[in-house]
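The values are calculated or read from the model by the stated rules, or taken from the named source; none is laboratory data. These numbers come from a predicted model, not from an experiment. Every residue, glycine among them, receives a Cβ derived from its backbone with ideal geometry; neighbour counts consider all protein chains shown. What goes into the accessible areas is simple: the full protein's heavy atoms, side chains included, and nothing from ligands, DNA or RNA. Shrake-Rupley method; radii C 1.70, N 1.55, O 1.52, S 1.80 Å.
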Amino acid sequence: MNTHHAPSSAATEGELYRQHLAALQSQAEAALARCGHEALLIASGIEKYAFLDDRPYLFQPNPHFKHWLPLCAHPHSWLLVRPGHKPRLVYYQPDDYWHVPPSAPSGFWVEHFELVVIGQPEEAVQHLPSQGRLAIIGEADAALPGLVPNNPADLLNLLHYRRAVKSEYELLQMRAASRRAAPAHLAAKAAFEAGASELDIHRAYLAASGHSDRDLPYGNIVALNEHAAVLHYQYQDAQAPAESRTLLIDAGASVNGYASDITRTWQRGGDARFAALLAAMESAQLALVDEVRAGTDYRDIHLSTHRHVARILLEQGIARGVSEEALLAQRVTSSFFPHGIGHLLGLQVHDIGGFMADESGAPAAKPEGHPFLRLTRRLEPGMVVTIEPGLYFIPTLLKKLAATPAAACIDWAAVEHLARFGGIRIEDDVVCRGTDEAPENLTRDAFASVLSDRA
């Protein structure tokens with residue numbers, strides 16, 4: 001594995017964080033100067049409540065806030081960034097006996113901020129400027145008197161475009177997020193092999209990851225058998241099926257606000273035809289990971305995936321009597337692989353900035369006929385992307401395919417047999433390095449580390 005990419009032990013987390021903050025400060029100052037603003041204010045966000053209820057939704061911090069601070073459960077806080085000044089953190093810590101309030105500020109990040117602690121949200125205005133040319137980033141409901149988010153597009157474009165390239169501090173968090181998820185995936189696999197229900201597989205994942213549902217980076221997809229054909233399957237059956245043939249689990253973990261996003265497909269029962277298809281997809285996925293190189297247009301990796309899927313359809317006897325080129329031309333592969341090959345990953349699972357041709361915010365178009373691709377940029381060193389090819393047997397798409405002339409090249413008996421397994425998706429989180437340098441596979445490295453520790 002590519003563990004040689006990990007930073008030297010001499011570079012502590014605190015030092016990497018200091019370097020990360022220095023880079024953010026420099027980028028913010030440059031963006032403020034270019035866009036004509038004097039200061040940058042970032043609202044962490046507020047808790048939101050269900051309509052006509054006093055029950056809050058799960059708090060989701062402003063990603064711009066957690067780009068600077070490893071604080072993910074701190075509503076009503078604010079960050080002030082000014083050229084030539086230490087950033088000021090207005091830290092909300094209420095005197096609350098209904099809930100556990102945030103603890104006193106502590107950790108490797110504290111020394112880098114001018115700290116102000118407040119007990120009421122409205123006290124923030126006493127410690128933040130309200131006059132001048134201010135760039136205020138946040139949702140509308142975070143507004144306070146004199147502090148109304150304006151989210152200037154030109155400044156946001158600059159910040160979003162550069163956020164795609166991760167600092168070494170960020171990569172450290174993302175390695176840790178992968179290491180947190182890998183043993184949980186293995187626990188889910190063991191539960192599946194023991195015949196557990198989707199709900200119990202999910203519970204095994206939570207226990208092994210140390211997460212609760214509240215702090216997962218996204219809702220786990222835990223899909224048995226035909227449920228694996230639903231791309232974003234959102235339920236978890238409490239009753240185990242009579243026969244568990246396949247598990248597709250798409251689940252991640254979070255560390256200091258940074259996510260991992262991993263999918264694995266496991267088989268139970270030894271069906272030779274599905275096993276061969278799964279092995280072919282595994283081989284294709286690793287080949288696609290190797291295409292993550294600086295200078296490569298991510299759209300080309302997506303189109304390469306369709307070529308792999310066309311070849312697999314033919315080699316596995318799902319399609320026959322036709323060329324790969326014909327399968328692509330008739331868009332047969334899109335019936336079996338209808339989503340994009342992946343996306344940017346970081347502070348958000350689908351990290352922002354994926355469609356930007358440049359820092360002006362001009363869009364980089366998706367390839368014609370591929371509306372669901374989430375990343376259209378040319379790769380740069382330090383970008384983290386997912387590589388997640390899939391091959392599914394989705395009833396509604398197969399029905400549409402059956403109504404086209406291309407239906408004649410499909411072995412529908414093979415499709416019927418394989419549809420019992422739902423589908424396959426294999427997803428790794430991958431760091432782009434140099435043009436001629438192998439990418440760093442955060443996911444495979446994490447699994448290798450876990451298995452090595454258990455050996």
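Can you list the lysines whose alpha carbon is less than 24 Å from that of K166, not counting same-chain residues fewer than 8 positions off? Reachable lysines: K66, K86, K366.
Given a cut-off of under 8 Å on Cα pairs at least six residues apart, what relative contact order in percent is computed for the range 311-419?
Working: 115 pairs, mean separation 38.9, N = 109.
Computed over the range 311-419, the figure is 36 percent.
Accessible surface computed residue by residue for the chain, with neighbouring protein chains in place and a 1.4 Å probe, gives 43 Å² per residue. Please state, as a whole number in µm²/s, the translational diffusion coefficient that the Stokes-Einstein equation yields for the chain at 25 °C and 0.890 mPa s, with Rh defined as the Kirkwood radius across alpha carbon pairs. My calculation gives 103 µm²/s for D.
Remark: relative contact order (the range 68-140) = 30 percent; criterion is Cα-Cα distance under 8 angstrom and separation of 6 or more residues. Please say if the range 53-135 is rounded, prolate or oblate, where rounded means a/c under 1.5 for a ≥ b ≥ c the square roots of the C-alpha gyration tensor eigenvalues, and otherwise the choice is prolate for a/b larger than b/c and oblate otherwise? Here the range 53-135 falls in the prolate category.
Percent of accessible area on the chain owned by carbon and sulfur, 1.4 Å probe? Each step should come with its number before you reach the end.
Values: 10490 of 19560 Å².
That fraction is 54 percent.
So how far, in whole Å, is the C-alpha centre of the range 208-276 from the one of the range 49-109? Cα centroid to Cα centroid, the span is 31 Å.
DSSP loop trypsin sites (Lys or Arg not before Pro) in the range 107-186 with at most 13 other Cβ atoms within 10 Å of their Cβ, which ones?
Details: sites: R133, R162, R163, K166, R175, R179, R180; in loops: R133, K166.
Those satisfying the criteria are R133.
Positive end of the dipole of the chain, charges at C-beta (+1 Lys, Arg; -1 Asp, Glu), about the Cα centre: which of A279, A190, G346 has its Cα farthest in that direction? Farthest towards the positive end: A279.
Post the alpha-carbon centroid distance, the range 319-352 to the range 384-455, in whole angstrom. What the calculation gives is 10 Å, centre to centre. Projecting each Cα onto the charge dipole of the chain (Lys/Arg +1, Asp/Glu -1 at the beta carbon, about the Cα centre), which of L224, S106, L52 comes out farthest on the positive side? Checked the options; the winner is L224. With a cut-off of 8 Å between alpha carbons and a minimum separation of six or more residues, what is the relative contact order of the range 107-152 in percent? Relative contact order comes out at 30 percent.
On a straight-distance basis, which lysines could pair with K400 in a cross-link, Cα separation under 21 angstrom, same-chain partners fewer than 8 positions away excluded? Answer for K400, where 21 Å is the Cα cut-off: none of the lysines qualify.
If we sort 71-80, 351-360 on the protection proxy, mean other Cβ atoms within 10 Å, highest first, what's the order?
On the way: 71-80: 21.0, 351-360: 17.1.
With the highest mean Cβ count within 10 Å placed first, the list reads 71-80, 351-360.
Converting phi to 3J(HN,Hα) with the Karplus coefficients 6.51, -1.76 and 1.60 and the offset θ = phi - 60°, the range 343-353 yields 6, 5, 9, x, 5, 10, 4, 9, 5, 6, x Hz in sequence order, with x at every glycine or proline.
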